[in-house]
Amino acid sequence: IIELLKNTDGYYRPRCINPTDYYNYSMPSDSYTQREIMDFDFNKVRTSDLIIVNFNAPKSLGTAAELAIAYDRGIPILGLCEAGEDIYPWQKDMSLKIFGNMEDLVAYVRGYFLD
């Protein structure tokens with residue numbers, strides 16, 4: 001999704017962040033604390049204009065917390081659910097829209113948020 005959005009031609013040039021790009025989880029655990037990761041992630045959520053969540057693996061407590069923060073702050077949330085996963089009703093209700101494929105999600109972001 002990040003690569004597709006970076007190649008967007010339009011008025012706005014999105015700055016995309018994937019929190020998992022900032023921490024190498026295979027590093028020794030003494031290189032970082034879970035609190036450090038949590039604070040980093042939550043700060044990125046609080047300063048975002050849009051959140052895109054991968055609902056293909058919806059069981060993450062961290063993702064649920066991030067969604068709650070975004071929802072509370074009025075940050076739009078879009079979901080991707082290609083695998084037909086059962087999404088928790090609150091996560092569905094917090095989402096502006098949920099898409100079944102990446103292409104439709106990216107087209108929506110381009111048309112609704114970037115043009």
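Here are the numbers for this structure:
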read-out	value
Förster radius 22 Å - calculated FRET efficiency between residue 60 and residue 86, Cβ distance, rounded to 0.05	0.95
Rounded percent of accessible protein surface that carbon and sulfur make up, the chain, 1.4 Å probe	50 percent
For residue 20, solvent-accessible area (1.4 Å; no DNA, RNA or ligand), Å²	80 Å²
Residues of the chain: accessible area per residue with a 1.4 Å probe, Å²	67 Å²
Accessible area (Å², 1.4 Å probe, nearest 10) - residue 71	130 Å²
Size of electric dipole in the chain: Cβ of Lys, Arg +1 and of Asp, Glu -1, about Cα centre, debye, nearest 20	260 debye
Theoretical gain in end-to-end length, residue 21 to residue 40 [0.36 nm per residue, Cα-Cα removed]	5.7 nm
Cα lying deepest toward the dipole's positive end in the chain, options 74, 100, 34, charges on Cβ	74
Per-residue HN-Hα couplings for segment 73-90 [Karplus 6.51, -1.76, 1.60; θ = phi - 60°; Hz; x = Gly/Pro]	8, x, 7, x, 10, 10, x, 10, 9, 7, 8, x, 5, 7, 8, 4, x, 5
More than 25 Å apart - percent of Cα-Cα pairs taken over the chain	24 percent
Heavy-atom SASA rank of 2, 87 (probe 1.4 Å, accessible area, largest first)	2, 87
Of the DSSP H helices in the chain, those whose Cα atoms cover at least 15 Å axially and whose Kyte score averages -0.5 or more	61-72
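The values are calculated or read from the model by the stated rules, or taken from the named source; none is laboratory data. For clarity, every value in this text was computed on a predicted model and none was experimentally measured. FYI the Cβ positions are ideal-geometry reconstructions off the backbone, even for glycines, and counts take in every protein chain you see. Side chains included, ligands, DNA and RNA excluded: accessible areas come from the protein's heavy atoms. Shrake-Rupley method; radii C 1.70, N 1.55, O 1.52, S 1.80 Å.
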